[in-house]
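Notes to accompany the following structure.
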Amino acid sequence: MIQEVIPVGMLQCNCYVLGDETSGEAVVIDPGDDIERIQEVLSRHELTPKYLIATHAHIDHVGGALKLKRLTGAPIFLNESDLPQLKMMEAQAAWLGVQTPETAPPDGNLTDREIVGLERYPAQVLHTPGHTQGSVCLHFVPLKLLIAGDTLFAGSIGRTDLPGGDFNQIIDSLHSRILALPDETRVLPGHGPATTVGEERSSNPFLQTHQR
Ligand SMILES: [Zn+2]
């Protein structure tokens, strides 16, 4: 599998490009900004995006999705519980002091346990609300790989003080859905370095002090 990470935009959101070198198909996760750089990675590997997926509708994760859709024709998928966030794009841009990116309603919903991704590299959607109501993680089961969005970071978790955030809910999502995965599962977060479920289980302070 082709796997590239492109930190995009002011908040350095990790945009992930996962591609099948045989079929030439790719999934682009969290195309928040810097679409030219994402396109450069796609063309370097001769990949055509099949899906554009946003783990949630914060500006740094979804801000470039419509632009990339217009350039590639690939549909945008997002959990519908984050539609309120998508509609708040002007406010989100104002928080960061950046121009409001153009957005449009997604082409499809990402429902819990739905299978997305590529034929050769399928992923299961885990609905993990808390950072936002529509936050999802993508679990590439055969690859033992989790794309975590802003739900889990190396040594930290997503903030819950923005609209739609709920601390108890993110802790519940982390315990019931993410810590349920095997320790060896590689975690690729929405910001910062990669980690594993086992590493976070044993050392992430947010997962120690709030045992269920
Ligand atoms: Zn976020």
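All of the numbers you see were taken from the coordinates with simple rules; none came from a lab. These numbers were taken from a predicted model, which means no experiment stands behind them. No Cβ is skipped: glycine too gets one built from the backbone with ideal geometry, and neighbour counts run over all protein chains shown.
Just one of the numbered conditions (1) over 19 Å from residue 11 (Cα atoms); (2) more than 11 Å from the ligand (Cβ to nearest atom); (3) surrounded by fewer than 22 Cβ atoms within 10 Å (Cβ to Cβ) is not true of residue 161: (1). Among the residues of region 188-208, at least one is within 16 Å of the ligand (Cβ to nearest atom), within 24 Å of residue 8 (Cα to Cα) and among the hydrophobic types (A, V, I, L, M, F, W, C). Which of the residues belonging to region 70-81 are touching a residue at least 24 places away in the same chain (Cβ under 8 Å) and either more than 23 Å from residue 165 (Cβ to Cβ) or surrounded by fewer than 24 Cβ atoms within 10 Å (Cβ to Cβ) (or both)? Within region 70-81, 71, 72, 74, 75, 76, 77, 80, 81 qualify.
Scan region 147-158 for residues that are on the phi > 0 side of the Ramachandran plot and away from the ligand (no atom under 11 Å from the Cβ) and jot them down.
Step one: list which residues in region 147-158 are on the phi > 0 side of the Ramachandran plot, which gives 149, 155.
Once the filter is applied, which keeps residues that are on the phi > 0 side of the Ramachandran plot and away from the ligand (no atom under 11 Å from the Cβ), region 147-158 yields only 155.
Can residue 159 be described as under 30 Å from residue 91 (Cβ atoms), among the charged types (D, E, K, R) and touching a residue at least 12 places away in the same chain (Cβ under 8 Å)? Steps first, answer last, please.
Working: under 30 Å from residue 91 (Cβ atoms): yes; among the charged types (D, E, K, R): yes; touching a residue at least 12 places away in the same chain (Cβ under 8 Å): yes.
Yes, satisfied.
Can you name every residue in region 13-25 that is under 18 Å from residue 149 (Cα atoms), away from the ligand (no atom under 16 Å from the Cβ) and surrounded by 24 or more Cβ atoms within 10 Å (Cβ to Cβ)? Walk me through it before giving the result.
Taking region 13-25 first, the residues under 18 Å from residue 149 (Cα atoms) are 13-18.
If we keep only those that are away from the ligand (no atom under 16 Å from the Cβ) too, we end up with 17-18.
Residue satisfying the conditions is 18 alone.
Taking the numbered list (1) within 22 Å of residue 184 (Cβ to Cβ); (2) out of contact with any Leu (no Cβ under 9 Å at 6 or more places or on another chain); (3) among the β-branched types (Val, Ile, Thr) in turn, residue 98 passes all entries but (1).
Quick check on my filter: what residues within region 147-172 are within 22 Å of residue 86 (Cα to Cα) and in a helix (DSSP H, G or I)? Explain how you work it out, then say what you get.
Of all residues in region 147-172, those within 22 Å of residue 86 (Cα to Cα) come to 147-152, 157-167, 169-170.
Within region 147-172, 167, 169, 170 meet the criteria.
When residue 132 is tested against (1) more than 25 Å from residue 17 (Cβ to Cβ); (2) in contact with an Asp or Glu (Cβ under 8 Å, 6 or more places away or on another chain), just one condition goes unmet, and that condition is (1).
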